[in-house]
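Below: the structure, in structure tokens.
Please treat every number below as a calculation from the coordinates, not as lab data. Just so you know, these numbers come straight off a predicted model, no measurement behind them. All Cβ positions, glycine included, derive from the backbone under ideal geometry; neighbour counts span all protein chains shown.
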Amino acid sequence: MGIQILFAAVLFLIGLVGFLVRRNVIFMLMSIEIMLNSAALVFVIAGSHWMQADGQVMFIFILTVSAAEVSVGLALILQMYHHFKTLDADALRRLRDKQETENK
């Protein structure tokens with residue numbers, strides 16, 4: 001059980017580093033997906049260790065939440081690209097700050 005938990009922790013750290021380092025919104029969304037999948041993996045590992053189906057039930061719940069998050073996230077990303085013509089989070093922040101200073 002220890003090596004599997006270690007694998008899930010490494011997956012979670014890869015997702016966290018990807019979320020913090022990459023500035024492209026699509027890569028940030030993919031990093032969140034990696035973190036959700038590693039959390040779901042921990043539930044499956046724990047469920048199989050204690051011989052209960054609760055881990056698989058939580059895995060299905062996490063997959064459902066993940067699918068909803070992806071669909072909403074991709075719709076927002078499409079609108080963001082259509083409006084601003086960029087997917088860089090830093091550029092979007094600069095555009096927002098520029099717009100706020102123009103409104104004052």
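What dipole magnitude, in Debye to the nearest 20, does the chain give about its Cα centre under +1 on Lys/Arg Cβ and -1 on Asp/Glu Cβ? My answer is approximately 360 debye.
Take the Cβ atoms of Leu78 and Ser48, set R0 to 30 Å, and the FRET efficiency comes out at 0.20. What the Cβ-Cβ distance of Leu95 and Leu20 gives, at R0 = 25 Å and to the nearest 0.05, is a FRET efficiency of 0.70.
When you filter the chymotrypsin sites (Phe, Trp or Tyr not before Pro) in segment 33-104 for DSSP loop state and at most 16 other Cβ atoms inside 10 Å of their Cβ, you are left with Trp50.
Counted as membrane-span-like here are DSSP H helices of the chain whose alpha-carbon atoms extend 15 Å or more along the helix's own axis and whose Kyte-Doolittle mean is 0.0 or above; these are 2-21, 25-49, 54-84.
Considering only Ala91, Ser31, Ala68, and ranking their Cα positions along the charge dipole of segment 2-103 that arises from unit charges at the beta-carbon of Lys, Arg, Asp and Glu, the one farthest toward the positive end is Ala91.
Can you classify segment 1-98 as rounded, prolate or oblate using the Cα gyration tensor, where a ≥ b ≥ c are the square roots of its eigenvalues, rounded means a/c under 1.5, and otherwise it's prolate if a/b beats b/c and oblate if not? If you can, show how the numbers build up before the last one.
Values: a/c = 5.01, a/b = 2.15, b/c = 2.33.
Oblate is the answer for segment 1-98, as a/c is 1.5 or above yet b/c matches or exceeds a/b.
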